[in-house]
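Single-structure report; data block below.
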Amino acid sequence: MAGPQFTGIIDEAGEELWNSGRPGARDGYVLENGNLLICWADEVLEYNTKKEVVFSYKRAEKSMELGTAVRFQNGNTMITESGTKPRIIEVDTNGKVVKSVPLLPETDNVHMQTRMARKLENGNYLVPHLLAFAVKEYDSNGKVIRSFRTDLEDLGGKADENWPFTAIRLKNGNTLITLTHGNKVIEMDSEGKVTWKVDNADLEGNPLADPCGAQRLPNGNTVIASYGAKEGVKLLELDKHKNKVWSYSGHNVHHFQILTTNGKPLLGKPLK
């Protein structure tokens with residue numbers, strides 16, 4: 001769990017198992033070797049099981065904001081850097097930049113340029129740009145080859161402030177997208193058509209408040225972080241029919257990784 005009050009691991013009973021000692025993280029992964037890779041706005045750190053820092057990367061300029069960090073099989077780490085020259089970087093195990101891909105967020109507002117970017121199996125990058133109302137797919141050189149608009153009329157247009165935050169390419173080729181101020185989560189096909197949508201009109205108690213993180217589980221259910229919730233549900237799991245399966249009402253959650261379900265570890269690459 002990466003959140004404003006707590007960054008660490010919570011067990012299925014809601015108890016704290018591991019605490020980074022530093023709240024306010026934006027993204028994080030438990031790696032295959034058991035280490036934790038965590039992204040804060042100013043640095044990315046990897047902790048081993050003894051809570052020792054074994055990898056670090058600090059932002060190049062104080063005005064920059066780091067948004068996410070993802071570890072690849074070759075040991076490199078992908079990081080988003082927002083700033084005067086927003087980009088995706090890939091750094092090696094020593095923190096040296098080995099690849100830089102420019103981004104087009106359509107705004108100089110550093111905080112609102114981008115969030116949860118992911119690298120696709122074809123080598124492209126899937127990047128949400130909040131104020132551009134678009135999830136853009138870039139090739140490895142930074143060329144936009146596809147754009148998924150989130151200001152569509154049937155979603156309420158720009159007036160609904162459907163800022164894309166997390167974008168996840170699913171196994172069926174669709175893309176799952178959280179829309180923060182729009183309080184929606186949608187799934188789009190390869191042509192940018194909405195094939196699934198959930199908002200507070202579908203749910204009892206209006207639990208979606210600034211949904212940021214999301215994860216599609218192997219059983220097809222979707223877990224959503226309600227980052228802006230003042231009280232009540234902070235994380236909830238929905239099935240494909242929008243029925244609530246499970247919820248968590250403890251710490252606020254920015255992003256997260258579901259590690260186990262009913263005591264059984266989730267296998268494979270997490271779709272988050």
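Details
- Residue among 83, 1, 235 farthest towards the positive dipole end of the chain, charges placed on Cβ: 83
- FRET efficiency estimate (nearest 0.05) - Cβ-Cβ, residue 145 to residue 240, R0 22 angstrom: 0.15
- Three principal axis extents of region 105-263 based on alpha-carbon atoms, in descending order, are 41, 34, 28 Å.
- If you bin all the Cα-Cα distances of region 27-97 at 10 Å, starting from zero, the percentages per bin are 22, 57, 19, 2.
- A 1.4 Å probe, protein heavy atoms only, puts the accessible area of residue 233 near 30 Å².
- Rounded to the nearest 10 square angstrom, residue 168 shows an accessible area of 10 square angstrom against a 1.4 Å probe.
- Which listed pairs, of 171/197; 193/264; 51/119, have C-alpha distances above 24 Å, in listed order: 193/264; 51/119
- Sorted from greatest to least, the principal axis extents spanned by the alpha carbons of region 1-153 come out as 44, 36, 32 Å.
- Karplus-derived 3J(HN,Hα), 6.51/-1.76/1.60, for each residue of region 191-205, Hz, glycine and proline x: 9, x, 8, 6, 10, 7, 8, 10, 9, 5, 5, 8, 10, 6, x
- Estimated dipole of the chain in Debye, rounded to 20 [Cβ of Lys and Arg +1, of Asp and Glu -1, Cα centre]: 600 debye
- Calculated diffusion of the chain, Stokes-Einstein form, Kirkwood radius summed over Cα pairs, 4 °C and 1.567 mPa s, µm²/s: 70 µm²/s
- Note on residue 244: aspartates and glutamates with a C-alpha under 19 Å away, same-chain residues under 8 apart excluded, are 12, 187, 199, 202, 204, 210, 231.
- For region 177-187, Karplus couplings with θ = phi - 60° (6.51, -1.76, 1.60), whole Hz, Gly/Pro x: 9, 8, 10, 4, 5, x, 6, 9, 10, 10, 10
- Accessible-area ranking of 179, 203, 259, largest first, probe 1.4 Å: 259, 203, 179
- Ranking by accessible area, most exposed first, for 241, 254, 181 with a 1.4 Å probe: 241, 181, 254
The values are calculated or read from the model by the stated rules, or taken from the named source; none is laboratory data. Every value quoted in this text rests on a predicted model; they were computed, and no experiment measured them. Don't worry about glycine lacking a Cβ; one is built from the backbone with ideal geometry, like all the others, and counts go over all protein chains shown. Side chains included, ligands, DNA and RNA excluded: accessible areas come from the protein's heavy atoms. Shrake-Rupley method; radii C 1.70, N 1.55, O 1.52, S 1.80 Å.
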